[in-house]
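The structure appears below as structure tokens.
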Amino acid sequence: MANHSNHAVSAAHGHGHEGHHDQDALRQMGFWFFLITDCILFATLFATYAVLHNNTAGGPTAKELFEMPGIIAETFILLTSSFTSGLAVLSMNRGDKKGLIGWLIVTLVLGAAFVGMEVTEFANMMSEGHKMSTSAFLSSFFTLVGTHGCHVTLGIFWMIALIIQLSRRGINSTTKRKVNIISMYWHFLDAVWIFVFTIVYMMGVM
Amino acid sequence: MWDKIKDFSSDFFVTGDPMIYGADVAIVLVSVAILFVLTYFKKWGWLWREWLTTVDHKKIGIMYILASLLMLFRGGMDALLMRAQLAAPDLEFLKPEHYNEIFTTHGVIMILFMAMPLMFGLFNIAVPLQIGARDVAFPVLNSVSFWLFFAGAMLFNLSFVIGGSPNGGWLAYPPLTEKMFSPGVGQDFYIWGIQISGIGSLATGINFIITILKMRAPGMKLMKMPMFSWSVLASCLTIILAFPILTVTLALLFIDRFAGAHFFTLDGGGNPMMYINLIWMWGHPEVYIVILPAFGIFSEVVATFSKKRLFGYKSMVFALMSISIVSFFTWAHHFFTMGSGADVNVFFAISTMIIAIPTGVKVFNWILTMYKGKITFKQPMLWTMGFIPCFVVGGMTGVLLSIAPADFQFHNSYFLIAHFHQVLIGGVVFGYFAGLYYWWPKMFGFSLDEKLGRWVFWLWNIGFYVCFMPQYLVGLMGMTRRYSTYGWDTGWFGLNLTSTIGAFLMGAGFLVQVWQILYSIKNMQKLKDTTGDPWDGRTLEWTIQSPAPFYNFATDPVVSETDDFWEEKQRIAAGGKPRPKPALAPIHMPKNSGMPVVMAGFFFFAGFGFVFDWMWMAIPGLIGVAASMLVHSFRYDTDFYIPVDEVRRTELAAGREV
């Protein structure tokens, strides 16, 4: 039922455990709504990119700039990390704390590799003189892809904090909720990357 | 060394204007006075425990309302300064640059730092009580929202004395606001002030959606929910879809200014029109975000003071929701003159006309609710009665503006200024005042003096018409907005002078209002609300004592129909037995948290650093923000239980049966 309230449940049980469960459900739902807002945020950046991507102002075009092998490798790394974060949740649901932490570590290492490759890609472009200030195309490119990269970076730090909490407290309703939420976040970033890959890189070089 | 300090401070502080020196002195004196009072009366601990760290939605609501009234004062002063400058032709009361700053800060403050927080304040006060919840879904996040708003508002206001105010208009259109044309820090104060408080608004949107969807009392189906809560839901859905666009737009403008990017510049392939589209994709929904809750308040007030069920409940819900959707498809009517072509303009003209329909439906609903009702003209009802004709006229002039070919004449004239002030003052401000008078007893346990309230009402109302009706005319005569002065040959003198007189009447209204609040505090005992139900109300917030205890409801309320409390009272009056009260149980409550205020402090710090390009300040600020979140994440001991004894004691002390 959409409208059962958390205190009604906790009052019915007389003590707090049920209340905690419900608070966890609220937070997961809240996070879904946060993801909606993040969707709009990326949609706005994509729209900006779509409007400005041909305004190269004498600077390089997408075709001249993008080196696809590295991008494809990045893509596979991120997709794999999404899969391993799924494996982490499966371990958690089995109550396997070791497996959970192990898969989270694999996920964040893959995430770090992705960010590392992206930073290298950006650094190469900039060392060749293709900066944000070169053209509207590059402004919108760096901002869109960089915003995604910042999200992944944030996710990595978040995951580290979560691993520490898991190792201290084990799997309980609170840590379970936190793992569920970060895995939602991670899958979401994966989905956004698919759009980045398609719209920015694939359509850029085609 | 000394010269360097002098150089720095003459840039850093705003100098050269006696009014600003006056403000400097006032700010220093007030700050010293506050510090002294807090220290002398040993109130620091009290302030920290009871207010700064509170997660109680009612206290957060009160802080929002207090801050918004302060902002109303500042925004109002800006308005009066502008009207003084325009009172007669060729006045040199304000220099043109100063005038530009004032119309910019007036607009930003009134919409983002007055209307929004007043609205959030009323959300916080009323929604959890109306739906029978103990708090909002995420109490700590709620506190984060407030403190981010507060940090953003303070950062923005600081520009008045430090660095210089923004002067590019309330929506800061580029290329004017790009570094090339606005090299000062004012524009950066604008960006960061709004950005920081905008994050808070977004979080409030999510918070109240979840609260309303998941925390209603058992039995309160969505279609039995009080109309104010419906309007909050509609408004919050609009917030979460619109505010991310604002975040991105301001971020892009900042990247342009900070990193030399070319989103909206004239060179490098930038496109300033992109900004204008983006900002209005947020900006137009934004005006509906602030007006929808006012519609909700009027619906509650009209039903309560007519002693009738709201006419057309379902059509009202449908109207609210359809407005929140259609509001996303009207943005281009703000720039019909941009040259997007006839096809685009036709689409936006028609969508704008369509959005007037659900609004019209609501007006009929309110009128038909009053029809054959037993109306009492207490203050909330008075404001509602003032609102209806005002908003109808304001809405009609909006439809006139929506006709794209005609808009080429009206565009950016005083006709437009008069239109949006009529819907924003006549709609939003009157609405929130109605809400403030309506829920005041629930917040503080006493109501506001009726007699002074009538003075307030008439001063504001008469002042409004005297101020803005002439502006329609002077707009049709060709006066455009943002003129800092005009000549004798224009023939606009009489109308402008009248308009200025009206503005000062509204200013007098505000002063009487402050007096009314002080007077009512002094006579609190006489105005005390002992029943908890001063207006013979219809919804759950009136079932509990005033002021509401911090746990809201001693036992969980159960609801079976719309306006459940009213129906229950009718049933008991007809000889029915009251519903049996469930036994008291320990109440589960969230603990206070210092994280929100600390995090907002770091945000302020970071924002200030970004304004001046001081990375040594911005980066530690951002690290502080992240650290506050991490510390919070590691805290597991976040809630507690109020024992039954304490609940019983509190209820008995308020004269309630348990």
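Readers should treat all values here as calculations from the given coordinates under stated rules, not as data from a laboratory. On a predicted model such as this, the values are computed, not experimentally measured, just so you know. Here Cβ is always computed from backbone atoms with ideal geometry, including for glycine, and neighbour counts include all displayed protein chains.
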Practice problem: Can you tell me the dipole magnitude for the protein assembly as shown around its Cα centre, using point charges on the Cβ only (Lys, Arg +1; Asp, Glu -1), in Debye to the nearest 20? | Solution: 2960 debye
Quiz item: What does the charge count near residue B:561 come to, summing +1 for each Lys or Arg and -1 for each Asp or Glu among other residues with Cβ under 14 Å from its Cβ?
Solution: +4
Exercise. Which order do the peptides A:69-76, B:273-280 take when ranked by the mean count of other beta-carbon atoms within 10 Å per residue, highest first?
Key: B:273-280, A:69-76
Quiz prompt | Shielding score for A:24-32, defined as the mean number of other chain Cβ atoms within 10 Å | solution = 4
Exercise. Calculate the mean, over all residues of peptide B:205-216, of how many other protein chain Cβ atoms lie within 10 angstrom of the residue's Cβ.
Key: 5
Quiz prompt | Diffusion constant of the range B:533-658 at 10 °C, which comes from Stokes-Einstein with the Kirkwood Cα-pair radius and 1.306 mPa s, µm²/s | solution = 85 µm²/s
Quiz item: So, by mean Cβ neighbours within 10 angstrom, what's the order for B:93-105, B:567-579 with the highest one leading?
Solution: B:93-105, B:567-579
Self-check item: P(r) of the range B:1-147 over all Cα-Cα pairs, binned every 5 Å from zero, in whole percent
Solution: 2, 8, 11, 14, 14, 14, 13, 11, 7, 4, 2, 0, 0
Self-check item: From phi via Karplus (6.51, -1.76, 1.60), per-residue ³J(HN,Hα) for the range B:79-92 in Hz, x at Gly/Pro
Solution: 4, 5, 4, 4, 5, 5, 5, 8, 4, 9, x, 6, 6, 10
Quiz prompt | Mean projected area (nm²) of the alpha-carbon convex hull when the range B:65-220 is viewed from all directions | solution = 10.7 nm²
Practice problem: Step through the residues of the range A:85-102 one at a time and calculate ³J(HN,Hα) from phi using the Karplus curve (6.51 cos²θ - 1.76 cosθ + 1.60, θ = phi - 60°), rounding each to whole Hz and writing x for Gly and Pro. | Solution: 5, x, 4, 4, 5, 4, 4, 4, 5, 7, x, 8, 5, 4, x, 4, 5, x
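If you rank B:82, B:220 by fewest surrounding Cβ atoms within 10 Å, what's the result? Show your work: numbers first, answer last.
Details: B:82 20, B:220 27.
The order, fewest Cβ neighbours first, is B:82, B:220.
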Practice problem: Quick one: what are the phi-derived ³J(HN,Hα) couplings along the range B:24-40, Karplus 6.51/-1.76/1.60 with θ = phi - 60°, whole Hz, x for glycine and proline? | Solution: 4, 4, 4, 5, 4, 4, 5, 4, 4, 4, 5, 4, 4, 4, 4, 6, 4
Quiz item: Rounded to whole Å and sorted largest first, what semi-axes of the equivalent ellipsoid does the C-alpha gyration tensor of the range B:267-375 yield via the square root of 5 times each eigenvalue?
Solution: 37, 14, 9
Quiz item: Dipole of chain B (Lys/Arg Cβ +1, Asp/Glu Cβ -1, origin at the Cα centre): which of B:456, B:325, B:247 lies farthest to the positive side?
Solution: B:456
Quiz item: Near the amide H of residue B:375, under 5 Å away, which other amide H atoms are found, from residues 5 or more places off or on another chain, if H is placed in the peptide plane?
Solution: none
Quiz item: Among residues other than residue A:88 whose Cβ falls under 15 Å from its Cβ, what is the net charge (Lys/Arg +1, Asp/Glu -1)?
Solution: +4
Self-check item: Rounded to whole Å, sorted largest first: equivalent-ellipsoid semi-axes of the range A:27-205, Cα gyration tensor
Solution: 34, 17, 12
Practice problem: Report, largest value first, the span of the C-alpha coordinates of the protein assembly as shown along each principal axis, in whole Å. | Solution: 81, 81, 63
Quiz item: Among B:10, A:140, which comes first, then next, by fewest other beta-carbon atoms within 10 Å?
Solution: B:10, A:140
Exercise. Provide B:530, B:539 in ascending order of the number of other Cβ atoms located within 10 Å of each residue's Cβ, fewest first.
Key: B:530, B:539
Quiz item: For the range B:150-205, what's the radius of gyration and Dmax over Cα atoms, in angstrom?
Solution: 11.7, 36
Quiz item: For the range B:390-442, what percent of Cα pairs sit more than 12 Å apart?
Solution: 65 percent
Quiz item: How many Cβ atoms of partner chains, on average, are near each residue of B:639-651 if near means within 10 Å of its Cβ?
Solution: 1
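As a test of understanding, state the convex hull volume per residue of the range B:43-653 from its alpha carbons, in Å³.
That works out to 155 Å³ per residue.
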Quiz item: With a sphere of radius 12 Å drawn around the Cβ of residue A:193, what net charge do the other residues whose Cβ falls strictly inside it have (Lys, Arg +1; Asp, Glu -1)?
Solution: -3
Quiz item: Which value in Å is the Kirkwood Rh of the range B:1-42 over different Cα pairs?
Solution: 12.2 Å
